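Here is the structure we will look at, set down as structure tokens.
Since every read-out is calculated from the coordinates, none of them should be taken as a lab result. In this text, all values refer to a predicted model and were calculated from it rather than measured experimentally. For neighbour counting, all protein chains shown are included, and Cβ atoms are generated from backbone atoms with ideal geometry for every residue, glycine included.
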Ligand SMILES: NC(=O)c1ccc[n+]([C@@H]2O[C@H](COP(=O)([O-])OP(=O)(O)OC[C@H]3O[C@@H](n4cnc5c(N)ncnc54)[C@H](OP(=O)(O)O)[C@@H]3O)[C@@H](O)[C@H]2O)c1
């Protein structure tokens, strides 16, 4: 008998990028478990995915970034994955204008909590039971590659996240668990509404980013820019000497 396909768990499932990933995984006929804090929106997404080809769609209305709920959430997820083999996508995140964060230390702390601390604390709980063959895929950002004046609180949180994922990947390698870091560039989702130049070749659709995410999970790559061309852009930005970089408008 062919074994049942391993489930895909999406945390922060109301994100624009996460939805596009869920649609693609549903079309492959995989069982999905979706977690998000907005239960009404989650129900709408679940209904849409059920009319695609998903084998099953389970919904969990919880805030995955809330430390107080993470122990129960990780345990709930463990019981839904017999054998511990699955693909997990962590997609939640928040962005705020740097000027607001600079004027409000509480907002800076919240950007770091939502984009880094909460992912690390839940990630450790999930890593405790993930079995060989699993993939833990987390959405970071090109913003984490170099701090820039326009979004360095968000970028610093993503940089911390990238370093944490690198360490987790190192630890889980021998256990056969792949840790995949995705670094999207500008993507047209609610997070960036009104902030991006419509029609710019640098702005991607959530579906284009989702394609990169599924490919990276399938190939169990360590890190992937999404789309791939951000690799070249960020290589140039990272290599600029500080004397030039600090005078630039990047
Ligand atoms: N869009 C881009 O240009 C871009 C670029 C690089 C990286 N990323 C990253 O891609 C990931 C997905 O973002 P997206 O572009 O798909 O944005 P999105 O559509 O705005 O989704 C953001 C997600 O994060 C959740 N969220 C927001 N604030 C939260 C909070 N304080 N506590 C808990 N959950 C919260 C949202 O939940 P609700 O629906 O309940 O609000 C939603 O599920 C994020 O990690 C983001 O940093 C995005």
>> Which of the three applies to segment 104-144, rounded, prolate or oblate, going by the alpha-carbon gyration tensor with a ≥ b ≥ c and a/c under 1.5 meaning rounded?
In response: oblate
>> Relative contact order of segment 8-242, please, whole-number percent, based on alpha carbon pairs below 8 angstrom and at least 6 residues apart.
In response: 18 percent
>> Mean-square fluctuation check for the chain, GNM, Cα pairs under 10 Å: which of 66, 222, 104 is largest?
In response: 104
> Pick from 79, 108, 87: which is most flexible by mean-square fluctuation in a GNM of the chain where alpha carbon atoms under 10 Å apart are linked?
Replying inline: 79
>> Restricting things to Cα coordinates, could you compute the convex hull volume per residue of the chain in Å³?
In response: 133 Å³
> Which value in deg cm²/dmol, rounded to the nearest 500, describes the helix-derived mean residue ellipticity at 222 nm for the chain, given -39,500 (n - 2.57) per DSSP H run of n ≥ 4 and division by the residue count?
Replying inline: -13500 deg cm²/dmol
> Among 137, 21, which comes first, then next, by fewest other beta-carbon atoms within 10 Å?
Replying inline: 137, 21
>> For segment 170-244, what does the relative contact order come out to in percent, with C-alpha contacts under 8 Å and a separation of six or more?
In response: 35 percent
